[in-house]
Amino acid sequence: MRCYLHAFLLCMLFTFFSLLYVFSQLASTLEDRDEWLAKHQGMPDRSSRDTGHVLRKSPGLAGLRDHEEGLDSERSGSAAEEHADERSHLAVVACGPRLEETITMLKSAVLFSRKPLHFYIFAEDELHKGFRKALESWPRTVQNKFNFTVYPITFPKENAREWKKLFKPCASQRLFLPLILKEVDSLLYVDTDILFLQPVEDIWALLSQFNSSQLAAMAPEHEEPRIGWYNRFARHPYYGNTGINSGVMLMNMTRLRDRFFKNDMTTVALQWNEILMPLLQKYKLNITWGDQDLLNIIFHYNPESLYVFPCQWNYRPDHCIYGSNCQQAEHEGVFILHGNRGVFHDDKQPAFRAVYEAIQKYPFGKNMETSLLQPLEVSLLTTTHTYCGRASHLFTKRLKQSIMSVQQDSTQAR
Ligand SMILES: *[C@@H]1O[C@H](CO)[C@@H](O)[C@H](O)[C@H]1NC(C)=O
Ligand SMILES: *[C@@H]1O[C@H](CO)[C@@H](O)[C@H](O)[C@H]1NC(C)=O
Ligand SMILES: *[C@@H]1O[C@H](CO)[C@@H](O)[C@H](O)[C@H]1NC(C)=O
Ligand SMILES: *[C@@H]1O[C@H](CO)[C@@H](O)[C@H](O)[C@H]1NC(C)=O
């Protein structure tokens with residue numbers, strides 16, 4: 001009898017261990033498959049594995065959210081988590097006498113946005129104090145809508161001098177943002193001379209419409225080839241029919257850092273950090289508009305990487321100076337106004353200047369309809385002797401809606 005019992009127990013033990021073995025084998029094949037999938041399903045995400053951000057396994061917006069929430073909860077607890085996924089990241093580069101203009105641009109960003117913002121301000125050292133002082137003087141309720149960081153202008157050591165003198169003092173800084181802000185996934189870069197007439201989150205949302213090859217978004221330089229600059233004068237390759245304008249530029253910097261770009265200098269494709277210097281060396285005698293020309297050359301050879309958004313996201317005097325030629329703005333109004341060539345400050349395009357001054361003079365806290373929109377409409381009436389003045393109902397069309405929806409929010413909050 002005891003003999004049978006022994007045999008039975010041995011049998012049980014043997015079965016148990018065999019089952020254990022089978023399970024462990026199964027588990028390890030599953031693990032292998034996961035690893036294989038991660039490796040072969042494209043770009044993401046070696047870094048997340050290394051740093052233990054397991055959450056960010058899946059590409060796309062959901063993955064990004066998880067990642068950002070993870071970062072924020074480490075920093076500042078659960079309050080930040082709720083809207084961490086909603087932030088728009090806005091970068092600007094300011095040199096010389098651009099402080100007030102930049103502050104006015106940032107003011108337009110906070111006035112009409114309903115979601116939180118982060119500002120990355122790159123500026124010459126002399127301007128740092130001015131930025132802090134101005135932004136910290138805004139009312140607490142306004143300050144709650146954004147965070148900001150001020151950075152010095154920096155260039156790769158080897159060629160700092162050459163980069164600095166390209167075009168305006170430090171406009172080429174923007175090309176290096178993907179290399180400087182290594183931890184930031186995406187950015188909206190804007191020139192200092194733009195004004196948001198519509199919430200920043202609306203242009204930010206275009207990032208999620210990129211297909212898998214797109215990594216930056218800009219508007220065409222011109223709608224009308226007969227007055228286009230690149231197609232008539234450029235001595236270098238440029239994007240599309242009329243080139244692109246880099247004053248308002250969305251960048252998925254994760255992709256910019258990873259991608260290899262085709263070019264006309266080497267037979268192999270080059271990464272972002274490798275392509276800029278050879279490009280400058282090859283084309284420096286032929287470029288007129290500095291870094292915008294370099295971007296045009298890059299996207300000429302890599303057109304599938306660019307998402308082109310319509311002209312109402314980057315509306316310039318060229319769009320109305322000889323009559324209105326931005327069709328999308330005719331339908332939906334101007335979303336972002338770009339006062340290039342100094343028109344926010346001189347008398348050449350009084351309609352552009354009127355918008356700038358209305359936003360600059362508006363006192364925080366006052367009713368935006370009566371203290372911003374109505375005075376602006378009055379001063380635009382005095383500009384109808386110009387073509388742009390005649391198109392200026394397009395300047396206020398979207399602005400009106402932005403103001404209404406911000407005011408609705410604030411009455412609901414009360
Ligand atoms: C940028 O691209 C990366 C890699 O494709 C992706 O994970 C991320 O979600 C994108 N960012 C945005 C804001 O769409
Ligand atoms: C700004 O940063 C603080 C501290 O990290 C955070 O609590 C707050 O939610 C942030 N605000 C915005 C608008 O992102
Ligand atoms: C620069 O412009 C000149 C004159 O148009 C042209 O001959 C030359 O090929 C251009 N250089 C490059 C690198 O495209
Ligand atoms: C993404 O869109 C661009 C522009 O329409 C196109 O050239 C490119 O082939 C598309 N990429 C993919 C992967 O579909």
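Within the stretch 173-188, at least one residue is under 28 Å from THR396 (Cβ atoms), at pLDDT 95 or above and not assigned by TED's automatic domain parsing to the domain that holds ILE403.
All conditions in (1) at pLDDT below 95; (2) closer than 19 Å to GLY243 by Cα; (3) of a type in the set (Asp, Glu) hold for ASP409, with the sole exception of (2). The set of residues in the stretch 220-263 that are away from ligand 4 (no atom under 16 Å from the Cβ), outside any loop (DSSP other than H, G, I, E, B), more than 20 Å from the chain's Cα centre (by Cα) and not aliphatic (A, V, I, L, M) comprises PRO225, ARG226, TYR230, ASN231, ARG232, PHE233. For the stretch 328-386, a residue qualifies if it is under 27 Å from the mean Cα position of the chain (by Cα) and outside any helix (DSSP H, G or I), and the qualifying residues are GLY333, VAL334, PHE335, ILE336, LEU337, HIS338, GLY339, VAL343, PHE344, HIS345, TYR362, PHE364. The condition of being touching a Lys or Arg at 6+ places or on another chain (Cβ under 7 Å), assigned by TED's automatic domain parsing to the domain that holds TRP163 and within 16 Å of ligand 4 (Cβ to nearest atom) holds for only one of ASN302, ASN286, that being ASN302. Picking from residues in the stretch 290-317 that are more than 14 Å from GLY243 (Cα to Cα) and not hydrophobic (A, V, I, L, M, F, W, C), the one that is surrounded by the fewest Cβ atoms within 10 Å (Cβ to Cβ) is GLU304. Listed conditions (1) over 19 Å from HIS300 (Cβ atoms); (2) within 16 Å of ligand 1 (Cβ to nearest atom); (3) hydrophobic (A, V, I, L, M, F, W, C); (4) not in a helix (DSSP H, G or I) are all met by LEU195, apart from (2). For the stretch 342-350, the count of residues that are touching a His at 6+ places or on another chain (Cβ under 8 Å), closer than 19 Å to VAL190 by Cβ and not assigned by TED's automatic domain parsing to the domain that holds TYR189 is zero.
Here PRO220 fulfils each of the conditions (1) in contact with a Gly (Cβ under 8 Å, 6 or more places away or on another chain); (2) farther than 25 Å from GLU201 by Cα apart from (2). Report, by residue number, each residue of the stretch 120-152 that is more than 10 Å from ligand 2 (Cβ to nearest atom), hydrophobic (A, V, I, L, M, F, W, C) and either without any contact (Cβ under 8 Å) to a residue 60 or more places away in the chain or outside the structural domain of THR102 (by TED's automatic domain parsing) (or both). Selection gives ILE121, PHE122, ALA123, LEU127, PHE131, ALA134, LEU135, VAL150.
Being closer than 16 Å to TYR315 by Cα and among the β-branched types (Val, Ile, Thr) is the filter here; which residues of the stretch 331-385 pass it? Hits for the stretch 331-385 are VAL334, ILE336, VAL343, VAL355.
Cβ-Cβ distances below 6 Å connect the following pairs, each with a first residue in the stretch 212-224 that is closer than 11 Å to TRP313 by Cα and of a type outside the set (Val, Ile, Thr), a second residue that is within 16 Å of ligand 1 (Cβ to nearest atom) and assigned to a loop (DSSP other than H, G, I, E, B), and a separation of six or more residues or different chains: ALA217/PHE309; ALA219/PHE309.
Within the stretch 202-212, being more than 10 Å from ligand 1 (Cβ to nearest atom) and more than 13 Å from the chain's Cα centre (by Cα) holds for one residue alone: ASN211.
The values are calculated or read from the model by the stated rules, or taken from the named source; none is laboratory data. Being a predicted model, the structure only gives us computed values, none of them experimental. Virtual Cβ from ideal backbone geometry, glycine too; neighbours counted across all protein chains shown.
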